[in-house]
Structures are given as structure tokens and as C-alpha cells.
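The values are calculated or read from the model by the stated rules, or taken from the named source; none is laboratory data. Not measured: the values here are computed from a predicted model. Cβ placement follows ideal geometry from the backbone for every residue including glycine, while neighbour counts extend to all protein chains displayed.
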Amino acid sequence: MKIRTFALLAVLSGSGWMLGTAQAQGFVFGTDKPKADAPAAAPAGTRNAKVETAQRLLARMGLFRETPSGTLTPATQEAIRAFSVQNGLAPTNQVTDALLNSIRRVIWQTQNWSSGNYKGREKLVDAAGLREAQILLGKLGFNAGPLDGTFGPQTQVATEAFQESQAVTVDGLITATVLMNLRRAVNGVGASATATVRLLNWPDYIDPSVLQDFEKEHNVRVVYDIFASNDDLQAKLQTGKTPYDVVFPTANTVPALASKGLLGKLDKASLKNLSNIDPRVDATLRAWDKEGAYSLPYMWYTVGIAWNPKLTAKAFPGRAMDSLTNVFDPEVARRFQSCGVGVVDSATDVIPLAAMAGGQKKWDGKNSTNAAAQVLGRLAGVVKVIPTDQYIDALATGKICVAIGFSGDAVQAQTKSHGAVEYRVPVDGGLLAIDAMAVPANAKNKREAHLFIDYLLRPQVIAKISNTVGYANANLKAGEFMSESVKSNPAVVPSTASLSHSSPIPILSEQDQQEITRIWAKFSK
Amino acid sequence: MASLTPLSKGLIGLAVVGAMASAVWHLGLKERFAARTETPPAATSTPARTDEPAPLAPPAPATSPEPSTIPAPTPAPAPAPAPAATTAQAAKLSAADNAEIGRKLLDSGDFAQARVHLERAVKDGDGGAACHLGEMTLKGQGGIPANQDKAAALFQLAQSRNIICFASGK
């Protein structure tokens with residue numbers, strides 16, 4: 001009895017205190033007065049940070065298309081002008097707290113952020129996760145408002161402050177990655193460690209316990225950030241505000257990154273577990289990284305065709321689904337139009353496959369882009385373009401019954417739909433891709449970077465990641481630690497026969513890139 | 001001292017019998033069986049095999065292809081014809097043919113002959129053969145000492161010839 005009353009009193013007084021503080025700070029959007037005491041860790045009144053926040057928020061509204069840089073470029077001023085005009089506000093050239101508050105207010109009123117409308121690959125966590133995040137933010141000194149498990153403005157501002165304190169991408173959204181980082185910041189070794197290692201990876205591409213265990217074992221704080229696309233990765237490497245130590249580029253982008261001087265050569269001699277790498281995968285990596293000087297394999301996957309057998313059998317009984325023609329041949333694709341036929345919105349992956357379907361088995365620059373353009377030209381109105389963050393759900397829910405896409409996404413759709421989705425590398429051509437590990441040229445913690453890479457070369461560690469993310473790894477000894485369901489899933493580990501149909505994802509020249517962008521813009525209109 | 005129950009007497013008897021059988025095996029019987037198979041047994045004077053036993057293809061300095069029939073339940077295949085003859089045969093075939101024959105021999109378990117054809121195919125520029133030879137080098141088959149670095153070089157050679165040597169079911 002006594003403890004209960006005491007706890008009740010503590011909670012009441014605690015929330016009373018917190019409410020009190022909230023009133024003192026002013027509800028974020030409610031006041032027009034610029035606040036001297038901004039949320040805990042935001043840099044005190046520096047114009048750059050505010051400008052960058054404004055740029056980020058305006059980009060989210062679609063008014064600003066550059067990469068947020070923190071400088072008041074003409075495009076930024078134009079965006080601010082457009083925003084002010086659109087919302088009937090006095091035009092301004094300065095980025096003040098008042099402006100930021102109005103932008104946030106408009107966004108909250110017009111965009112559905114509280115339900116996780118995030119144009120990327122990660123969504124907001126559920127209510128339980130949100131509540132846990134709010135508690136953790138509070139423990140770190142960032143007031144997230146009431147612990148109510150809903151994503152409100154105060155939670156968003158607190159999350160932004162947390163992300164700023166870690167010098168990672170600031171978006172203010174509580175995704176699975178952010179929640180993972182919050183947990184580690186509170187429970188992990190982090191705060192007491194003297195050394196840090198900063199990682200930059202794709203979303204949903206790590207197992208949280210791997211990072212936690214590394215922190216503990218080496219007494220090195222792990223800061224984990226994500227990038228949304230290969231362009232995003234390059235931009236982050238170039239701006240170099242706070243450099244990263246280990247990055248995970250797709251292999252076909254490694255040559256360009258290396259030639260731009262953005263990657264450093266790996267000190268392979270310092271990697272004790274180097275011999276665990278499967279020499280076959282490592283050899284394939286040299287299709288892109290010629291000498292293997294800059295990268296090592298992390299995960300590998302294929303780009304092929306995923307489908308819902310029940311639905312496709314209804315639309316086209318007896319049809320063999322493991323063929324590119326099911327999507328790229330207009331006559332066949334039309335048969336699947338009723339149940340939904342599509343391609344994932346990734347030009348650099350779909351166009352090489354379209355070129356293969358058009359007869360160009362090997363990537364050949366202009367010839368391939370021409371072939372692809374012809375193929376895609378005949379598919380207008382029949383084949384849909386599915387945003388990357390909707391691919392998994394579209395397949396899992398049956399909205400789409402056949403689509404070209406990544407094997408890893410297909411595996412996740414399989415899991416979500418309890419086995420209703422199949423995936424194969426098409427017999428008439430698929431793509432083989434490797435995601436690599438590399439150390440940026442401007443990395444500040446090269447020793448810790450190599451420690452972490454060496455750690456990922458342990459079979460138990462990489463197997464844990466494979467089991468969690470559903471991708472195949474390149475470790476000779478990881479087999480015994482991988483779960484049977486992942487190992488034996490032909491979508492994760494295709495047979496040698498089906499792999500023989502695939503070709504390495506091509507290196508695209510600048511010209512190729514431009515052609516592809518042009519073709520895709522036309523096709524995905 | 002307590003008297004022994006029948007059960008305990010039986011268990012002790014079993015243990016003694018087991019120990020004797022183990023001693024007999026390690027000291028004598030094992031050699032009798034091993035003599036029928038590939039390598040002359042190393043001096044197994046120690047009954048307990050605490051150190052790592054030699055792999056199937058012992059790190060032999062000589063690269064001469066030994067008739068490598070593996071001690072297995074399957075009936076031992078007929079002793080391979082003299083490799084010298086196979087080398088001559090291989091020299092007359094095209095790279096692609098050698099690669100194909102080598103692959104078939106590999107599938108059927110005739111590693112020594114497979115090796116001859118694959119090595120010739122690799123020399124003559126075949127990519128797929130480099131993959132298969134790399135696999136053999138990785139596993140130490142056909143008299144090739146297991147060597148990951150040499151295997152890696154072969155896989156990279158295949159890649160330079162635009163062949164992907166991927167394994168499945170890792």
C-alpha cells in the first residue's frame with residue numbers, strides 16, 4: 001500500500017513538474033516570441049543551424065529541392081518567399097525562430113506526420129515504441145513532453161535535438177533506427193567511452209544488439225546514421241560536416257566515390273578476420289572495385305521478380321512467373337494488370353533489367369539505354385512504378401501481384417504476408433548486387449573504423465545481422481550461425497543455377513546516369 | 001566401503017570393455033583400415049587424438065596427383081588412369097571442351113582427372129573453369145593443397161573473364 005501511494009505521489013509531482021517546465025518553455029508552436037532557451041542541445045542561436053532546419057522543413061514541404069547546407073542560398077530565400085506567400089505571412093529574408101515555428105505549424109496542420117507519412121524507407125514506430133522513445137529522450141535531457149505514445153510537436157523537437165547532439169541526420173522522426181540509437185545512448189557504454197566510431201548505412205540493415213555488443217567489448221561509442229539513396233550517401237560524404245568512419249555503399253558506386261577521392265584505401269593487414277570473407281564474393285566485388293582496395297563485401301542480394309502465386313495464377317493460369325517478360329512484355333503484363341503489375345521506383349536497377357528484356361544481355365551504355373527506353377515505352381499505363389517505401393507493403397497486402405524489385409524487400413514481404421509472396425531471379429536475366437563496407441577518406445577514427453569492420457567479419461556477428469535483415473552475407477563460416485529459414489530461402493540465397501542468370505549490377509557512367517534519369521522521368525510520370 | 005550393486009558392476013564392466021576397445025582400435029585396428037586408403041598413416045603412437053588430425057589432402061610438398069579415392073562407404077572408383085595420358089588428351093581439346101569435361105568429372109567425383117582438364121582450360125582462357133578449379137583449391141581436392149589465397153586468385157581470374165563464381169547455400 002505504502003509503496004503505491006508513494007509511487008503515485010512521485011508520478012504526480014513529476015508530471016506536475018514537467019508540465020510546469022513545458023509552460024515555462026512555451027508550447028513550441030504557440031508562441032511567436034523567439035525563445036532564448038531553445039530545447040536542450042540545439043546550438044545557441046547560430047544562423048547555420050536554423051537555416052539548415054528551415055531548409056530541411058521546406059524540403060519536406062516540397063518547396064526546396066537542394067541538399068540542406070545551412071547557408072542562405074538564393075533557392076532557400078525563394079523557398080521562404082514561396083512559403084510566406086502561400087501562408088499569408090509577412091515576407092522575410094531571415095530565418096528566425098518565429099519563421100521555423102510557423103513552418104512547423106503549417107506542416108503539422110497539412111501533412112500527416114503523426115501517422116508516419118515519411119517519404120523514405122522507414123516509418124515511425126508504434127505507440128509503445130514512441131512512449132519508450134519519449135522516456136529515453138527525457139532521460140537524456142531532451143524534454144519530449146507528455147509520455148503519451150503519440151508523435152506530437154514536442155516529441156519531434158526533442159528528437160531533433162537528440163539527433164543534433166549526435167551529429168546525425170536531423171529529421172525529428174522516431175523511426176526504428178532512432179529508437180535503437182536512443183536505447184543505446186541510455187543503456188550502452190556510449191557516454192563513458194573515450195573513443196567513437198560513426199557509421200552510415202542503409203535503413204533496416206543492422207541488428208541493434210551487434211552495435212551494443214561492439215560498444216561493450218571495445219569501449220567505443222557507436223553513432224549510427226542512415227542514408228536514403230546513393231546520392232544521399234555521396235552528399236553526406238562530400239559535405240563532411242562531421243565525417244563518418246564506416247560507410248556502406250552499393251558496390252557499383254564505389255569506383256565513382258573512390259575516383260572522387262571520397263573513400264580511403266582499407267588497411268586490410270589490420271583486419272584479423274579477413275580470411276573469413278568468401279573469396280568468391282570478394283572476387284565478384286572486384287567487378288566494381290578493381291583491386292579490392294577500397295571495399296569489402298557486407299551483404300549481397302539480387303534484383304529480380306516477386307509475385308503472389310495465388311493472385312497470378314488467377315490472372316494468368318499456368319504461367320511461369322520467373323521471367324522478365326511477365327513485366328516487360330506488354331502482352332503478358334496486360335494479363336496481370338487486373339491484379340497489379342509494377343516495378344520498384346529505382347531507375348538504376350530497373351533500367352538494366354529492361355535492357356536485358358530488350359535483348360541487351362550485357363550493359364553497353366547507349367545501346368542498353370536505347371533498348372530499355374523502347375521496352376519501357378511500350379509499358380506506359382500498364383506497369384506501375386512503386387515507391388521504394390511502399391514496395392514491401394504493396395506485395396504483402398496483395399495490392400500488387402507481380403513486381404520487379406529487390407530480393408531483400410521480397411523476403412520482408414514474404415514475412416509480412418506469412419509466405420504469400422514468392423521471389424526468383426528471372427531465368428532470362430537478373431541483377432546481382434553487393435553492398436560493401438568502406439572507410440571514407442576524411443574519417444576521423446580510422447582505427448575504430450577498422451575495429452568495427454573486423455568485428456563484422458566475425459561469422460557469428462554477420463550471421464546475426466543476416467538473420468535479422470534477411471539478406472545473404474559473404475562470410476565463409478557464417479553458415480552454421482544462420483537460421484534455417486534464412487539460409488534455405490531461395491530469395492535470400494539463390495541457387496547457383498539461378499545466379500548464373502544474373503549479371504553484376506552495371507557501373508554507370510555520368511552519361512548513362514543522365515540518360516537513365518531522363519528515361520525514368522518519362523516512364524514514371 | 002559400500003558393496004557394489006549389480007548395476008554398478010555392470011556399468012564398470014562396460015567402461016572397462018570400452019576403454020580396452022578404444023586402446024585396441026587406436027593402437028592397431030585403425031591402421032589396418034587406414035592401410036587400405038589413400039595416405040600412409042602418420043605414426044599414431046598416441047592413443048588420444050588431441051591434436052588436429054591431418055585433413056583429407058595432407059599438405060604434401062609434391063604436387064603429383066595421387067589417386068585420391070576418399071575413404072567412403074561408396075565403392076572405390078576404378079583407379080584413375082595415369083594422369084600423364086589425361087594431360088596429353090587435354091592438350092588436344094579446346095578450352096571450352098576441357099572446361100565442360102572437367103566440370104562433369106568434378107560432378108562425378110573424379111577430382112584428379114577433373115583437375116587436369118580444368119587446369120588446361122584455365123590456361124587456355126576459360127572463365128568457368130577457373131571457378132571450378134578455385135573451388136577445388138578452396139576445398140583441397142584432386143591433390144591440390146587447400147589454399148584460400150590461391151583459390152581467391154583463381155576466382156579473381158574468373159571475374160576478370162566476366163564469370164561470377166558464386167556459391168549457394170552458405
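Annotation note: Cβ proximity below 7 Å between a residue of segment B:6-25 that is in a helix (DSSP H, G or I) and a residue that is surrounded by fewer than 10 Cβ atoms within 10 Å (Cβ to Cβ) (sequence gap 6+ or interchain) occurs for no pair. Residue A:362 meets each of the listed conditions (1) modelled with pLDDT under 90; (2) touching a Leu at 6+ places or on another chain (Cβ under 7 Å); (3) not acidic (Asp, Glu) apart from (2).
The condition of being buried (at least 20 other Cβ atoms within 10 Å of the Cβ), hydrophobic (A, V, I, L, M, F, W, C) and at pLDDT 90 or above holds for only one of B:130, B:90, that being B:130. Scanning segment A:273-289 for residues that are surrounded by 14 or more Cβ atoms within 10 Å (Cβ to Cβ) and either closer than 20 Å to residue A:478 by Cα or touching an Asp or Glu at 6+ places or on another chain (Cβ under 8 Å) (or both) gives A:273, A:274, A:276, A:277, A:278, A:279, A:280, A:281, A:282, A:283, A:284, A:285. Is one or more of the residues making up segment A:395-412 of a type in the set (Gly, Ala, Ser), surrounded by fewer than 22 Cβ atoms within 10 Å (Cβ to Cβ) and either in contact with a His (Cβ under 8 Å, 6 or more places away or on another chain) or more than 22 Å from residue A:351 (Cα to Cα) (or both)? Yes, some residue in segment A:395-412 is of a type in the set (Gly, Ala, Ser), surrounded by fewer than 22 Cβ atoms within 10 Å (Cβ to Cβ) and either in contact with a His (Cβ under 8 Å, 6 or more places away or on another chain) or more than 22 Å from residue A:351 (Cα to Cα) (or both). Of the helices (runs of 4 or more DSSP H) lying entirely inside segment A:419-515, those carrying at least 2 residues that are within 14 Å of chain B (Cβ to nearest Cβ) and crowded, with 23+ Cβ neighbours inside 10 Å are A:459-469. Among the residues of segment A:264-308, those that are closer than 20 Å to residue A:408 by Cα and away from chain B (no Cβ under 14 Å) comprise A:298, A:303, A:304, A:305, A:306, A:307, A:308.
Of the residues making up segment A:251-272, just one is surrounded by fewer than 19 Cβ atoms within 10 Å (Cβ to Cβ) and in contact with a strand residue (DSSP E or B) (Cβ under 6 Å, 6 or more places away or on another chain), namely A:264. When residue A:452 is tested against (1) closer than 30 Å to residue A:508 by Cβ; (2) modelled with pLDDT under 95, only condition (2) is not met.
Yes/no matrix, rows are residues, columns are (1) assigned by TED's automatic domain parsing to the domain that holds residue A:104; (2) over 21 Å from residue A:53 (Cα atoms); (3) in contact with an Asp or Glu (Cβ under 8 Å, 6 or more places away or on another chain); (4) without any contact (Cβ under 8 Å) to a residue 60 or more places away in the chain:
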{"residue": "A:132", "(1), (2), (3), (4)": "no, yes, no, yes"}
{"residue": "A:139", "(1), (2), (3), (4)": "no, yes, no, yes"}
{"residue": "A:145", "(1), (2), (3), (4)": "no, no, no, no"}
{"residue": "A:150", "(1), (2), (3), (4)": "no, yes, no, yes"}
{"residue": "A:157", "(1), (2), (3), (4)": "no, no, no, no"}
{"residue": "A:160", "(1), (2), (3), (4)": "no, no, yes, no"}
{"residue": "A:167", "(1), (2), (3), (4)": "no, no, no, no"}
{"residue": "A:194", "(1), (2), (3), (4)": "no, yes, no, yes"}
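Within the option set A:259, A:295, A:323, being over 17 Å from residue A:507 (Cβ atoms) and polar (S, T, N, Q) holds for one residue only, A:323. Going through (1) modelled with pLDDT of 80 or more; (2) part of a loop (DSSP other than H, G, I, E, B) one by one, residue A:137 falls short only on (2).
The set of residues from segment A:239-260 being at pLDDT 90 or above and assigned to a helix (DSSP H, G or I) comprises A:251, A:252, A:253, A:254, A:255, A:256, A:257, A:258, A:259.
Evaluate segment A:357-378: report whether one residue or more is in the same structural domain as residue A:509 (by TED's automatic domain parsing) and closer than 25 Å to residue A:487 by Cβ. Looking through segment A:357-378, none of the residues is in the same structural domain as residue A:509 (by TED's automatic domain parsing) and closer than 25 Å to residue A:487 by Cβ. Is there a residue being assigned to a helix (DSSP H, G or I), within 9 Å of another protein chain (Cβ to nearest Cβ) and either at pLDDT below 90 or under 21 Å from the mean Cα position of the chain (by Cα) (or both) anywhere in segment B:111-123? No, segment B:111-123 has no match at all.
Counted as qualifying within segment A:286-380 are the helices (runs of 4 or more DSSP H) with 1 or more residues that are within 23 Å of the chain's Cα centre (by Cα), namely A:347-357. Applying a threshold of 7 Å to beta carbon distances and a minimum spacing of six or more residues, or different chains, the list of pairs starting in segment B:133-160 at a residue that is at the interface with chain A (Cβ under 10 Å from one of its Cβ atoms) and aromatic (Phe, Trp, Tyr) and ending at one that is buried (at least 20 other Cβ atoms within 10 Å of the Cβ) and part of a helix (DSSP H, G or I) reads B:155/A:279; B:155/A:280; B:155/A:283; B:155/B:131; B:155/B:134. Here residue A:245 meets the list (1) farther than 20 Å from residue A:203 by Cβ; (2) of a type in the set (Asp, Glu); (3) surrounded by 17 or more Cβ atoms within 10 Å (Cβ to Cβ) almost entirely, failing just condition (1). If you go through segment B:95-112 and keep only what is polar (S, T, N, Q) and crowded, with 22+ Cβ neighbours inside 10 Å, you end up with just B:98.
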